[in-house]
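Asker: I am attaching a structure below and will ask some questions about it afterwards.
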Amino acid sequence: MKKQIATLVSLHIGTRDDMSKQSCDSVIAELDGFVGDRHRGFSRVCWEGDTEPEGTVRRNNRQWSGVSEKELTEIQEALELDRALTAEDLGANICIRGIEGFSSLPKGSKLVFPSGAVLVVEDYNPPCTDMGDKIARLYAKKSGEPLTRKQFLIEAKKKRGVVGSIDVPGEIYSDDEITVKIYSAPKLG
């Protein structure tokens with residue numbers, strides 16, 4: 001695994017039903033997710049368009065979600081938003097700085113925190129229509145024109161971040177330095 005260093009810019013827990021997350025200074029990461037977060041759990045129910053049929057109960061590969069500060073800025077600039085796009089509004093648990101192409105981290109990559117907590121990347125987090133509707137309600141373009149769901153879906157593609165599970169429990173703090181171990185398949189033979 002190739003290693004890179006990143007910084008945790010902000011940390012968030014979601015307690016409401018509006019897909020938002022609220023800022024916090026630290027979280028406890030347990031094997032079933034972030035304590036207090038609504039996505040915590042060992043299992044989850046699939047929704048329409050998920051990897052399994054809607055209603056299927058499966059392992060929770062979405063215990064946490066993360067975005068990069070740079071990709072948030074790229075989405076904001078492409079949409080010509082009237083203010084900064086935030087990780088909280090996008091529903092992310094963590095926002096990081098220092099990893100180019102964060103949304104492209106391969107499955108199996110690990111984010112290692114000073115406490116020993118380890119988050120493992122399970123998948124890319126594609127933009128969804130519900131989030132597109134929410135962002136269109138919350139933001140406007142600098143020109144004053146309304147933002148549309150479709151515009152968000154187009155510009156957030158491949159920049160919405162990643163989702164994953166907790167590999168090793170521990171406490172995570174805002175401003176933590178993160179060692180990112182980027183997964184690469186072992187050479188066979």
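Asker: Please give the charge dipole size of the chain, origin at the Cα centre, charges +1 on K and R Cβ atoms and -1 on D and E Cβ atoms. Round to the nearest 20 debye. Working shown, then result.
Answerer: Working: 27 positive and 30 negative charges, 110 e Å.
It works out to roughly 540 debye.
Asker: Based on the Cα coordinates of region 114-173, what is the per residue volume of their convex hull in Å³? The partial results should precede the final answer.
Answerer: Values: hull volume 7.2 nm³, N = 60.
That works out to 119 Å³ per residue.
Asker: Past 28 Å, Cα to Cα, is the threshold; run Lys134/Lys157; Lys70/Lys107; Lys110/Lys134; Lys21/Lys110 against it and keep the listed order. Each step should come with its number before you reach the end.
Answerer: Details: Lys134/Lys157 16 Å; Lys70/Lys107 20 Å; Lys110/Lys134 30 Å; Lys21/Lys110 22 Å.
The answer is Lys110/Lys134.
Asker: Need one number: nm distance between label points at Ala140 and Glu52, each 7 Å from Cα along Cα→Cβ, rounded to one decimal.
Answerer: Label-label distance for Ala140 and Glu52, simple model: 4.4 nm.
Asker: Per DSSP H run of at least 4 residues, take -39500 (n - 2.57); add these up for the chain, divide by its residues and hand me the 222 nm value, nearest 500 deg cm²/dmol.
Answerer: On the way: 3 runs with 29 residues, N = 189.
My calculation for the chain gives -4500 deg cm²/dmol from helical runs alone.
Asker: What do you get for the angle between helix 69-79 and the principal long axis of the chain? Use alpha-carbon atoms, 0 to 90 degrees, nearest ten.
Answerer: Around 20 degrees separate the two axes.
Asker: Please work out whether region 52-119 counts as rounded, prolate or oblate from its C-alpha gyration tensor, where a ≥ b ≥ c are the square roots of the eigenvalues and a/c under 1.5 means rounded, while otherwise a/b larger than b/c means prolate and anything else oblate?
Answerer: On the way: a/c = 2.14, a/b = 1.31, b/c = 1.63.
It is oblate, given that a/c is not under 1.5 and a/b is not larger than b/c.
Asker: Here is a follow-up. Restricting to DSSP loop positions (anything but H, G, I, E, B) with no more than 11 other Cβ atoms inside 10 Å of their own Cβ, which chymotrypsin sites (Phe, Trp or Tyr not before Pro) remain in region 138-173? Don't skip to the end; give the middle numbers.
Answerer: Details: sites: Tyr139, Phe152, Tyr173; in loops: Tyr139.
Filter output for region 138-173: empty list.
Asker: In addition: Using the Kirkwood radius over C-alpha pairs as Rh, can you work out the diffusion coefficient of the chain via Stokes-Einstein at 4 °C, viscosity 1.567 mPa s, in µm² per second?
Answerer: Values: Rh = 16.9 Å.
Once the numbers are plugged in, D ends up at 77 µm²/s.
Asker: Another one. Compute the relative contact order of region 97-138 as a whole-number percentage, counting only Cα pairs closer than 8 Å that sit 6 or more residues apart in sequence. It would help to have the intermediate numbers written out before the result.
Answerer: Working: 26 pairs, mean separation 12.9, N = 42.
About 31 percent, as a whole number.
Asker: On to the next question. Could you work out how much longer the chain between Asp17 and Lys158 gets when fully extended? Use 0.36 nm per residue separation minus the Cα distance between them, nm to one decimal.
Answerer: The Asp17-Lys158 span can extend by a further 48.3 nm.
Asker: By the scheme Lys and Arg +1, Asp and Glu -1, what is the net charge of all other residues having a beta-carbon under 13 Å from that of Ala117? Before the final figure, lay out the partial values.
Answerer: Values: positive: Lys110; negative: Glu30, Asp167, Glu171, Asp176, Glu177.
Net charge around Ala117: -4.
Any read-out appearing in this document is the output of simple, stated calculations on the displayed coordinates, not a laboratory observation. Note that the structure is a prediction, hence the values are computed from the model and not measured. In this analysis, Cβ positions are derived from the backbone assuming ideal geometry, glycine residues included, and neighbour counts consider all displayed protein chains.
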